[in-house]
Amino acid sequence: KACRYVTRIHLYKDQTMIRMEHTWIVTVDTDQFWFKDLGLNLPMTLGQSTQAVIGNSDEKLTDSVQYPIAGKPVTVTQNDLAASTVTQNGKTLSKSQRCGGWVSLLGSDMAATVTSTDMAMQFPNSLKVTDQSIVFHAWQTLDDKQLNFRHDGITKLWGQETWDRFNSNVTSQGALESRVSNGLGFARTHHLTLTFHEPKVSAAQTAGALGQVQPIASLDPKWVKESEVLPVVLPVFDPQRFGQLEDQIKARYDEYIQVATHLDPMVGFWDYGRGCPPDLTPGSNDRWQYSGINASEDMSRGNPQVPWLLYLRSGDRKYLRRAQAMTTHVMDTRIMHWYAKSLGREIGQSYKHTGTWVFDGSDAGWTGDIWAGFLATAYHLTGNQRSLDVLGEIAQGYIHTKRTIHNHQTISYLGAVARYYLTSFDPKLRDTLVQTTPIYMQYQNETGFWPSNDQAYEYALLEMLKLPRAESSWENTAMIFARGAIGPMRFHTQWAMAAGVQAWAYEHKQSDARFGVNAREALENGIPKLIGPSNLTPLKRSLIWMGLTDIPGIDDVVQPKVISYARPQESVFYLKHVSGQQTHIELHCKQAEVSILDLDGNPISPNLLRSQRAIGIYEITLPQSMEDAQYKIDVKPPKFFETPNGAMGRTLPWRPGENEMLVVLHGPTLFVQDISNGKLTHSPGKQLWFNVPRRTAKFSIQTADPWPLINDMIVQRPNGSIIKNEGSFVEIEPESSQTGELWMVQAKQPYFQLTESTFARGTIAPGYCKLTGIPPFVAFTKDSYFNPIAATSQNDEINPASTALTYPRGKFRRGLRLQGNLSYLKIPTGNAISDDPTIREYLNTARGTIEMFVRFDRRCIEGGYSGKLLHIPYAQSNNAMMDFVPAASWEGVIRSGGSQPRQLSITNSNCSPSIEAGKWYHLAIQWDLNDNGKVMRRVYLDGYPYAYGDVSGAQDPIDWWPQAITPAQPGEWIYIGDKGGKRRVQSAAMVIDELRISNIPRYPFMPGPPKVGGRKAFNPPEETFTPDTYTCSLFHFEGTPEGLDKHGKPVKGQWVSEKPEKPE
């Protein structure tokens, strides 16, 4: 016997109806076996003169056609999503789009009707009526296509064009042909109803229509909520209270179902019940195409639970139908039901969300993608024993095989164990939870969140908290998690993801109204579209928030204002307190030294400040009774010092890529930023408000780096009139009547149309702003502005950018200025000097060093500007073979050639150094693509190595170095500076001096995993470079961009100046 079959039969007292759930489980290796037909034969003798009645519409279930049999079987086949055909003896009798999913055999004595639930959606399949039987074919096509789980079988069903389209979108899972596609462990369940009745067509029509409706007692949502008979908390459907939201839920859900049931490609046999994959685009015939990338993400994050919740709160059976379809889909096609050592498969495992088709085995295993609590809900609501069996497979399977291997993703299995315990109360299950939970929870950080997968942690915690007498350690962990979502950290993380744990804390443990604030903010945003990677998850969160609105007092809570300052180091902020009102402000800035001083330079009183410096939390509360006061908030980078062993360290962790300061203002608060000499400003930055003092004759505004001149802006006068400016610099001579008032500026990118009526459209965070001739203070709203006592007028000279070529003072003598992407240096790679095309006169792509001295006109790492300092293209292409980007993270790549180039990072680290403006640095980039079989590469800043690869950039393990790769062929030029083009964000201006390109690594690759800012590898050169045997080219920039090779021959470097193009 090739497969396992499980048939569950439901009988009903005093009814002539039998319901059957038929489950087919593949227990063979489908690389060796495939299937022509899957069927269930129901023989019966009902008399003479037999007739076949066929339901031919899934929209009007009582529509039917009738044919005499007379020894010639009549078959209805649903061959595709919109192609149903009735045939007899090879002849087509009728066609429709989607059949009704039922057939009847009428005899002279009795009649029988067989219904297959949602048959049209589970194509290709058929129902055949003979003189003495009804046969259900779970797999059958008109052209005899086989059920073949191999790649060629899928291709025949999808079509070659679809297969090729998916292959063009491959990700880290690799080409489709390289992935495991084996159906061993796959299952399919069909729900059939057999009804006996009198031999009349009208009775057959009634039986066919009723067979599509499962006989379940009506649900009373109010009773379910009040009795707490189920471990779910959700609001009852209430159009009076949630009129607009209820309309949005219905509209969004209907839109979601319309797309999910009209996918392209779609094979109903295994796609029936699935959700919406990411990357959807409209196709033909009302179908929706998807890219195939992460297509199985549609069932992640507990999405199948949502239609059950909608049914529970409303009793509407359209939600029940979808809930059953999704549940059947997941527990059959996404979970493995058979052990296969050869494939590494165990019962209860699942396919990963990265799959392109539902049984894409490229990343199968204990993935944690399926949050199985909905299986228990299905069992409790419908009595579906199979859902409970599959929940047991998942929970028991994980317990037996996974307890010693843990990662943040698999925390979700503890939720499955908890729900299974609530159905069996097996004490061993609870023991497992008690023993295993600490292994996961130990990673909770000071903020209450986890390093990754907060949603799965929340799901597991909430399931465990439903257990009788939940462990106090679980409650404490959940409370820390919940409180993390209402403090300053709520805006630094995905606080909305923690809706469930906040609701638990608010209803059971805490009366903090800020939980309600989160609820109201989310509900005010409405129900978002459900077609995307998150699928139904936002709807689930909205239902949780709607439940919270039953708690009194939420409407009395004032919504805080939240602003973010990217890389605020070296910035100063001022806070003003007004007597008679409370001032309450929270700051979160982990990557900085924050000092809060009064106007006399004294630290703020400890009674007014609650701080947790280790995690960067500062909370200032100034009571109403306190007199007027002002405070200066100074933000500086962590102090840098050299340790006794020569390593460099900081007083706090330092990751400039995470250098955000969040400011949460409760109630009316006066708060301004000092942007002297130009600073990055707040985000979201729709508006910047500033003061123009009385009798100001002229002032200027600059909203981008001085050279690129790409940002357009809108300036609003005090009377509301608008100045539209195309460019990032404007000089204004205000009328006397418009001085002594607040003005506003708003920066916009030029490829959005400027309008006088709508500021929001196309608005971006200004990013950078400089005020000249007026006080350098800005506020994010008009009401929050005040003039600090420390305010002084700024009298910087207005000096618009010049693009003239200059050779300013360099590190040693003179240097070369590279101004954003307006000017850059081109260096030839020279002619090939051997048969190896990767080695040229002035560049060796197999090994070498490029080094120079660099000075940025203003902070680069904290300046928010990207752009390339080094760009080496492939031969015959402008694509990067090697890049170096001194932006928020230092990034470089070396790529090999070939049809599918492999890319290797030189460095890609959030632990970037802080580059100070106006300071000279020695920068060296070196590589060896075959150092005893290993690829070696490193970036050094003033002799200190910087790591690559790790998410945090904390380490650079040797065992991560990949095997040697074949170097690629370089193009004819090397570009130093940002080679022009249309760029939204331009690179900062810089001066370079003493550029040398060598054909060997000049500096040691230090043994061991060097840490960021760790032990110094070498002392930077202190003299100008001189040519030697290993020199490819050398540039001194003494009034010329040309250099010399090691023989003293000229290397024709070119300084290129381009007029910036505005992006279209």
*Out of curiosity, is ASP58 surrounded by 16 or more Cβ atoms within 10 Å (Cβ to Cβ), in contact with a Gly (Cβ under 9 Å, 6 or more places away or on another chain) and either assigned by TED's automatic domain parsing to the domain that holds MET331 or in contact (Cβ under 8 Å) with a residue 40 or more places away in the chain (or both)?*
yes
*Considering each residue of region 687-718, count those that are at pLDDT 70 or above and in a loop (DSSP other than H, G, I, E, B), and give that number.*
10
*asked:* Looking only at region 127-155, how many residues end up being at pLDDT 95 or above and basic (Lys, Arg)?
replied: 2
*Can you spot a residue in region 138-153 that is in a helix (DSSP H, G or I) and within 19 Å of THR333 (Cβ to Cβ)?*
yes
_Top-ranked residue of region 1017-1031 - restricted to ones that are part of a loop (DSSP other than H, G, I, E, B) and in contact with a Lys or Arg (Cβ under 6 Å, 6 or more places away or on another chain), ranked as nearest to MET852 (Cα to Cα)_ = PHE1025
*Inspect all residues belonging to region 818-826 and state whether any of them is under 17 Å from ASP1045 (Cα atoms), crowded, with 19+ Cβ neighbours inside 10 Å, in contact with a Cys (Cβ under 9 Å, 6 or more places away or on another chain) and modelled with pLDDT of 80 or more.*
no
_I'd like to verify a number: residues in region 222-243 that are farther than 26 Å from ALA460 by Cβ and either surrounded by fewer than 17 Cβ atoms within 10 Å (Cβ to Cβ) or more than 33 Å from the chain's Cα centre (by Cα) (or both), how many?_
8
_For region 45-63, which positions are out of contact with any helix residue (DSSP H, G or I) (no Cβ under 6 Å at 6 or more places or on another chain), polar (S, T, N, Q) and farther than 14 Å from THR77 by Cα?_
THR45, GLN48, SER49, THR50, GLN51
*May I ask you to say which residue of THR162, THR171, THR141 is closer than 24 Å to CYS3 by Cα and under 44 Å from the mean Cα position of the chain (by Cα)?*
THR141
*Search region 24-50 for residues that are under 14 Å from VAL129 (Cβ atoms) and pair each with any residue that is among the β-branched types (Val, Ile, Thr) when their beta-carbon atoms are under 6 Å apart and the residues are at least 6 apart or on different chains.*
GLY39/VAL135; ASN41/VAL135; LEU42/ILE134; THR50/ILE69
*asked:* Tell me whether region 312-334 contains one or more residues that are in contact with an Asp or Glu (Cβ under 6 Å, 6 or more places away or on another chain), surrounded by fewer than 22 Cβ atoms within 10 Å (Cβ to Cβ) and among the hydroxyl-bearing types (Ser, Thr, Tyr).
replied: no
_Every residue in region 22-42 that is hydrophobic (A, V, I, L, M, F, W, C) and over 21 Å from ASP143 (Cα atoms), please._
TRP24, ILE25, VAL26, VAL28, LEU42
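Quick grid of which residues meet (1) surrounded by fewer than 19 Cβ atoms within 10 Å (Cβ to Cβ); (2) in a strand (DSSP E or B); (3) on the phi < 0 side of the Ramachandran plot; (4) touching an Asp or Glu at 6+ places or on another chain (Cβ under 9 Å):
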| site | (1), (2), (3), (4) |
| --- | --- |
| TYR67 | yes, yes, yes, no |
| GLY71 | yes, no, no, yes |
| THR77 | no, yes, yes, no |
| VAL86 | no, yes, yes, no |
| GLY100 | no, no, yes, yes |
| VAL103 | no, yes, yes, no |
| THR113 | no, yes, yes, no |
| LEU127 | no, yes, yes, no |
| PHE136 | no, yes, yes, no |
_Options ALA295, ALA325; residue that is in contact (Cβ under 8 Å) with a residue 24 or more places away in the chain, out of contact with any helix residue (DSSP H, G or I) (no Cβ under 8 Å at 6 or more places or on another chain), among the small types (Gly, Ala, Ser) and at negative phi_ = ALA295
*Name every residue in region 822-851 that is within 18 Å of LYS1052 (Cα to Cα) and of a type in the set (D, E, K, R), in order of residue number.*
LYS826, ARG840, GLU841
*asked:* Need the failing condition index for THR92 against (1) out of contact with any Asp or Glu (no Cβ under 6 Å at 6 or more places or on another chain); (2) touching a residue at least 12 places away in the same chain (Cβ under 8 Å), just the number.
replied: (2)
*Filter region 336-348 for residues that are surrounded by 23 or more Cβ atoms within 10 Å (Cβ to Cβ) and free of Cβ contacts under 8 Å to residues at least 60 places away in the same chain and give the result.*
GLY348
*Mind checking which strands (runs of 3 or more DSSP E) fall wholly inside region 524-621 and carry at least 2 residues that are at pLDDT 80 or above and more than 28 Å from the chain's Cα centre (by Cα)?*
571-577, 583-588, 593-598, 609-612
_Given the options VAL1012, VAL985, name the one that is at pLDDT below 90, assigned to a loop (DSSP other than H, G, I, E, B) and crowded, with 22+ Cβ neighbours inside 10 Å._
VAL1012
*asked:* Please count how many residues of region 152-209 are of a type outside the set (Ser, Thr, Tyr), touching a Gly at 6+ places or on another chain (Cβ under 9 Å) and over 18 Å from MET119 (Cβ atoms).
replied: 11
*Which residues, counting only those in region 115-125, are in a strand (DSSP E or B) and either on the phi > 0 side of the Ramachandran plot or hydroxyl-bearing (Ser, Thr, Tyr) (or both)?*
THR115, SER116
*Taking region 873-882 as the search range and keeping residues that are surrounded by fewer than 22 Cβ atoms within 10 Å (Cβ to Cβ) and assigned to a strand (DSSP E or B), which one is modelled with the lowest pLDDT?*
ALA880
*Check off (1) farther than 22 Å from ARG4 by Cβ; (2) over 28 Å from the mean Cα position of the chain (by Cα); (3) free of Cβ contacts under 8 Å to residues at least 40 places away in the same chain for ASN285 and give me the number that stays unchecked.*
(3)
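The values are calculated or read from the model by the stated rules, or taken from the named source; none is laboratory data. Here the structure is a predicted model, which means the values were calculated and not measured. Cβ sites come from the backbone with ideal geometry, for glycine too, and all protein chains shown count toward neighbours.
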